[in-house]
Amino acid sequence: MTDGRKSEWKRVVVKLSGEALMGGGQHGLDAPTLERIARDLASAAELDVEIAVVVGGGNFFRGIQGADKGIERARADSIGMLATVMNGLALEQAIEMQGRPARALSSVPMPSLCESYSRRAALHHLHKGRVVISAGGTGNPFFTTDTGAVLRAAELSADAVLKATQVDGVYTADPKRDPSATRYDVLTHDEAIAKNLAVMDTAAFALARENRIPVVVFSIQQGGAITATLRGVGRATRVVP
Ligand code: UDP
């Protein structure tokens, strides 16, 4: 825990789903929401913490939806990865407009649009105080950006994955369906698996567990949520080894 003014972690990966960028809309990007999240990330970076963001693409396209419509799965996932790059480019500009340097790095090389992801490049930008945005997920089909987030956290030796969601933590049951559901403050990886609690997708969570990476689940609905989570003052569930 911290005194609430600083971050208790030195380096984190923030997982932002595409959905988080839609605001109240059903699709695409919502400019005020993008600005709010960019402002939050820029102030979070002031807390003396290195931040890598792994951005999803579900606000534009998810591979599974494409596969349901008859697009070959690997190809549909390529479209999904492109969607994450669209979000990454939008987020990069939005963060820079808040006065904080940012670099979008794509796991799928597209050098005329942005730098390609490499561990070395990401570490370089983090050391320079830039917010790194890892787009393109893992760069492979059949994965999600949740797995991308844990993978980046492992390879960048991040202290935690901060998973931004629509709810303020992990509950005993779905709080939207079951009003008696209660929220966990802290939970171990093993407990989450034993209790069948969906923290993130199974492959991603297995990687987090194996590499003993804490996952902090919090709600991105309110302004300043990332900063509050880093300062240890926000509502969140910590899933720890
Ligand atoms: N995707 C992929 N490989 C990855 C990450 C993502 O193929 O490593 C594709 C996949 O089709 C996925 C889409 O990109 O559905 C968007 O990512 P995700 O569903 O994780 O986005 P989110 O739900 O976080 O917005």
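The values are calculated or read from the model by the stated rules, or taken from the named source; none is laboratory data. Treat the numbers as computed from the prediction; the structure is a model and nothing was measured. Here the Cβ is made from the backbone with ideal geometry for all residues, glycine too, and neighbour counts use every protein chain on show. When the accessible area is computed, the model is the full protein with side chains, heavy atoms only, and any ligands, DNA or RNA have been set aside. Shrake-Rupley method; radii C 1.70, N 1.55, O 1.52, S 1.80 Å.
Tell me whether segment 18-33 contains one or more residues that are within 21 Å of Phe143 (Cα to Cα), among the acidic types (Asp, Glu) and either touching a residue at least 60 places away in the same chain (Cβ under 8 Å) or within 15 Å of the ligand (Cβ to nearest atom) (or both). Scanning segment 18-33 turns up at least one residue that is within 21 Å of Phe143 (Cα to Cα), among the acidic types (Asp, Glu) and either touching a residue at least 60 places away in the same chain (Cβ under 8 Å) or within 15 Å of the ligand (Cβ to nearest atom) (or both).
For the criterion of being more than 16 Å from the ligand (Cβ to nearest atom), farther than 15 Å from Ala204 by Cα and of a type outside the set (Lys, Arg), Ser157 passes.
Select from segment 93-119 the residues that are surrounded by 17 or more Cβ atoms within 10 Å (Cβ to Cβ) and among the charged types (D, E, K, R) and write down the one among them that is farthest from Gly58 (Cα to Cα). Once the filter is applied, the top-ranked residue is Arg100. If you go through segment 120-154 and pick out every residue that is more than 6 Å from the ligand (Cβ to nearest atom), in contact (Cβ under 8 Å) with a residue 40 or more places away in the chain, over 11 Å from the mean Cα position of the chain (by Cα) and crowded, with 16+ Cβ neighbours inside 10 Å, you end up with 8. Gly234 meets each of the listed conditions (1) at pLDDT 95 or above; (2) open to solvent by less than 50 Å² (accessible area, probe 1.4 Å); (3) over 15 Å from the mean Cα position of the chain (by Cα) apart from (1). Ala206 meets each of the listed conditions (1) within 16 Å of the ligand (Cβ to nearest atom); (2) touching a helix residue (DSSP H, G or I) at 6+ places or on another chain (Cβ under 8 Å); (3) open to solvent by 30 Å² or more (accessible area, probe 1.4 Å); (4) more than 22 Å from Phe61 (Cα to Cα) apart from (2). The single condition from (1) in contact with a Leu (Cβ under 8 Å, 6 or more places away or on another chain); (2) more than 7 Å from the ligand (Cβ to nearest atom); (3) within 14 Å of Gly139 (Cβ to Cβ) that Glu50 fails is (3). For segment 155-165, the set of residues classified as part of a loop (DSSP other than H, G, I, E, B) and buried (at least 16 other Cβ atoms within 10 Å of the Cβ) consists of Leu156, Ala158, Asp159, listed by residue number. Restricting attention to segment 173-197, report how many residues are touching a residue at least 24 places away in the same chain (Cβ under 8 Å) and open to solvent by 40 Å² or more (accessible area, probe 1.4 Å). Counting residues in segment 173-197 that are touching a residue at least 24 places away in the same chain (Cβ under 8 Å) and open to solvent by 40 Å² or more (accessible area, probe 1.4 Å) gives 5. Quick one: count up the residues across segment 70-106 that are part of a helix (DSSP H, G or I), among the acidic types (Asp, Glu) and more than 11 Å from the ligand (Cβ to nearest atom). Final tally of qualifying residues: 2. A Cβ distance below 6 Å, combined with a sequence gap of six or more or placement on separate chains, defines the contacts here; from segment 52-68, residues that are free of Cβ contacts under 8 Å to residues at least 24 places away in the same chain reach residues that are open to solvent by less than 40 Å² (accessible area, probe 1.4 Å) in the pairs Phe61/Gly80; Phe61/Ala83; Arg62/Gly80; Gly66/Ala76; Ala67/Ala76. Restricting segment 37-51 to residues that are charged (D, E, K, R) and surrounded by fewer than 19 Cβ atoms within 10 Å (Cβ to Cβ) leaves a set whose member that is nearest to Gly224 (Cα to Cα) is Glu46.
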